[in-house]
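Let me begin by presenting the structure, written as structure tokens, before commenting on it.
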Amino acid sequence: MKTTTGTITATLAANGVTHVLTESGPDQRAIIAVSGTFTGVTIVAEGKIFGGSVWYPLLMTDRKNGDKGNGQSSPTNSTATSWAIDCSGMGTVRMYASAGTPTAIVTEIASGTTEEFGAGAPNLQLISTANSAFAAGITFSGATTVNVMSIPDNLADALSISEAGNEYLTFVTTNGSERVDVFKKFRYADSVLLAFGDADDITMAWDGTDFDVLQATANSSIKWGISGAGIDHVFYGDTATRDLTWDQSADELRFEDNTKLSVGTGSDIVFSWDATRLNVTQAAINSEIRWGIDGAGIDQRWYGDTASAYLLWDQSADTLELGGVAKIKAQTIVAATGTAIPVTHSGSFPITQNGAETNTLADPSFIGQWLSIFVDTDTSGARVITAASRINQAANTIITLTEVGDFIKLEAITIAGALKWEVVSNDGAVLSGP
């Protein structure tokens with residue numbers, strides 16, 4: 001199909017033969033658009049070969065509904081339509097109304113122009129029983145709702161876009177299973193939105209640095225999976241195996257070994273499991289962890305290795321309780337002869353003595369601190385302990401223990417605001433000095 005030298009612009013005369021196209025060469029096909037009211041109209045298409053005098057009927061196809069006619073067509077549409085005319089080898093083509101009176105033949109459509117499949121030819125049908133090659137561009141220039149491409153209904157492969165057997169898109173119109181199958185990746189340029197919803201309710205875009213998922217309305221929600229049948233999610237860290245996993249079958253959010261849960265803008269408190277223990281670390285010294293609300297705390301229970309052994313903070317009773325065989329174990333204090341006895345914490349100081357041995361004892365570190373001193377093993381001699389200041393009302397400062405079982409217990413008090421030791425129990429120890 002190519003541009004011809006003739007055009008038809010005059011109004012058709014009833015049953016006249018006044019509108020003739022003279023072709024510049026033997027075209028394979030011409031497309032002619034006609035407008036008007038076609039009720040009761042028969043359109044005739046005829047052609048003469050070059051140098052001939054006989055008019056031959058030409059095969060014509062109504063491009064609006066696909067109806068075919070040999071030399072004539074009675075359109076069923078009541079609005080403008082167009083015909084594809086097979087006119088191979090013809091030098092002259094004419095069209096006229098043999099019955100009825102259409103208002104006008106608009107023009108022959110010039111091939112290669114933007115009107116080639118428009119200007120009164122609203123629908124294009126490509127009808128073929130074999131593969132066909134089409135080496136031209138298609139430009140749609142109609143008004144809103146006019147530019148439409150339709151594919152067959154209820155087909156497993158209604159339309160495929162492919163090259164050399166390499167599929168890109170397949171349109172499936174099977175009833176109840178309509179879909180578009182995609183076989184290649186879609187690439188969205190930076191900042192181009194992928195939008196969901198009639199009002200772009202959710203949009204996604206990569207801006208070159210960040211992937212943004214944005215909503216049009218506050219308090220919108222995104223749901224993953226189906227309630228009762230969720231989806232596993234794995235978020236990978238910069239270090240191998242430092243992963244965060246939502247395991248839907250286990251209903252758990254799992255921090256893999258050494259993966260950190262950080263709280264605070266500066267990662268002020270960090271929780272992590274190192275495969276052996278749970279570590280709770282802080283960014284700044286003297287940080288504080290508070291449980292519950294002042295005046296409305298939280299019961300807390302720590303279980304031991306033995307069933308029913310536990311430590312309970314009962315918030316409603318404001319009580320710290322030991323349950324079952326649970327116990328508080330005091331620290332054993334160690335100090336070799338000739339050294340100072342540590343006073344950083346409470347505890348028991350068992351003595352194994354062999355000869356004349358000594359220790360020193362500084363003032364306590366905190367009020368209520370206690371220290372039990374006793375002879376566990378006695379080979380010979382005695383253990384003499386000299387305190388930094390008075391330890392009783394008699395202002396004694398020296399404790400001498402000589403026999404197995406000698407025992408003295410001290411507790412920290414304040415005198416004039418200063419921390420001092422006070423004897424609360426003594427069995428066998430000799431007090432003297434200063």
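Here is the figure for the stretch 290-313: residues that are hydrophobic (A, V, I, L, M, F, W, C), part of a loop (DSSP other than H, G, I, E, B) and surrounded by 13 or more Cβ atoms within 10 Å (Cβ to Cβ) total 1. Anything in the stretch 229-252 that is without any contact (Cβ under 8 Å) to a residue 12 or more places away in the chain and of a type in the set (F, W, Y)? List them, or say none. Answer for the stretch 229-252, where residues must be without any contact (Cβ under 8 Å) to a residue 12 or more places away in the chain and of a type in the set (F, W, Y): F235, Y236.
Residue by residue through the stretch 371-385, note down the ones that are crowded, with 16+ Cβ neighbours inside 10 Å and either among the polar types (S, T, N, Q) or under 60 Å from the mean Cα position of the chain (by Cα) (or both).
Across the stretch 371-385, the qualifying residues are L371, S372.
Looking at S287, is it in contact (Cβ under 8 Å) with a residue 12 or more places away in the chain, outside any strand (DSSP E or B) and out of contact with any strand residue (DSSP E or B) (no Cβ under 9 Å at 6 or more places or on another chain)? So S287 does not fit the description; no.
What do you reckon, is A362 at pLDDT 95 or above and on the phi < 0 side of the Ramachandran plot? Answer is yes for this residue. If you check A340, A275 for being more than 30 Å from I399 (Cβ to Cβ) and of a type in the set (A, V, I, L, M, F, W, C), only one passes: A275.
Here L244 meets each of (1) closer than 30 Å to G197 by Cβ; (2) at pLDDT below 95 with one exception, condition (2).
The conditions of being at pLDDT 95 or above and charged (D, E, K, R) are met by E256.
Taking the condition of being in contact with a Ser or Thr (Cβ under 8 Å, 6 or more places away or on another chain) and surrounded by fewer than 17 Cβ atoms within 10 Å (Cβ to Cβ), how many residues in the stretch 401-417 meet it? Residues meeting the conditions: 2.
Screening the stretch 29-56 for residues that are closer than 20 Å to K68 by Cα and either outside the structural domain of N70 (by TED's automatic domain parsing) or among the hydroxyl-bearing types (S, T, Y) (or both) and picking the one that is modelled with the highest pLDDT gives Y56. Restricting D201, D243 to residues that are touching a Gly at 6+ places or on another chain (Cβ under 7 Å) and not assigned by TED's automatic domain parsing to the domain that holds L155 narrows the list to D243. Filtered by the rule that a residue be among the hydroxyl-bearing types (S, T, Y) and at pLDDT below 95, the stretch 378-397 gives T379, S380. With respect to the numbered conditions (1) under 30 Å from D427 (Cβ atoms); (2) in a strand (DSSP E or B); (3) within 50 Å of the chain's Cα centre (by Cα), which one is the sole condition not fulfilled by I328? Failed condition: (2).
The values are calculated or read from the model by the stated rules, or taken from the named source; none is laboratory data. Just so it is clear, the model here is predicted, and its values are computed rather than measured. Here Cβ is always computed from backbone atoms with ideal geometry, including for glycine, and neighbour counts include all displayed protein chains.
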